[in-house]
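Shown next, in structure tokens, is the structure this report addresses.
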Amino acid sequence: MPTALPLALTRQTLRTQVDRAEMMLIESKAKAAGMSVANYVRSLLGLPERSAGRPTRAQMEAEQDRAWQVLQSMGLDPAPFFPADESWLDEYQ
């Protein structure tokens, strides 16, 4: 049974409504940038790209490090958002 992601890494969906013409514009800009729509929007928000599919251990470690820095930058103690050990990473190759 897969281990749940730490609280700080739990996936969330961000939604917004656009009309078809706006979506076509976003799709066109994403294509011109050589990115998926999701990664194009992430880049506009200053977030790193994410690959499709199951992340590797290295990707999850990098994501954990980034989340730790983000929480600290907001003046929060990151420790409560992560398990005491990193055994949750064991299922990532």
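The values are calculated or read from the model by the stated rules, or taken from the named source; none is laboratory data. In this text, all values refer to a predicted model and were calculated from it rather than measured experimentally. Backbone-built Cβ (ideal geometry, glycine too); neighbour counts: all protein chains shown. Protein only, heavy atoms only, side chains kept; ligands, DNA and RNA dropped before computing areas. Shrake-Rupley method; radii C 1.70, N 1.55, O 1.52, S 1.80 Å.
Does region 42-93 hold any residues that are within 17 Å of the chain's Cα centre (by Cα), of a type in the set (Asp, Glu) and open to solvent by 50 Å² or more (accessible area, probe 1.4 Å), and which are they?
Of everything in region 42-93, those that are within 17 Å of the chain's Cα centre (by Cα), of a type in the set (Asp, Glu) and open to solvent by 50 Å² or more (accessible area, probe 1.4 Å) turn out to be 49, 61, 65.
Is it true that some residue in region 53-74 is modelled with pLDDT under 95, closer than 23 Å to residue 4 by Cα, hydroxyl-bearing (Ser, Thr, Tyr) and in a helix (DSSP H, G or I)?
Checked region 53-74: no residue is modelled with pLDDT under 95, closer than 23 Å to residue 4 by Cα, hydroxyl-bearing (Ser, Thr, Tyr) and in a helix (DSSP H, G or I).
How do the pairs read when you match residues in region 62-86 that are in contact (Cβ under 8 Å) with a residue 60 or more places away in the chain with residues anywhere that are open to solvent by 70 Å² or more (accessible area, probe 1.4 Å), using Cβ under 7 Å and keeping only pairs 6 or more apart or on different chains?
Short answer, once both residue conditions are applied: 78/68; 78/72; 81/7.
For region 1-17, how many residues are of a type in the set (A, V, I, L, M), at pLDDT 90 or above and open to solvent by 100 Å² or more (accessible area, probe 1.4 Å)?
Count: 2.
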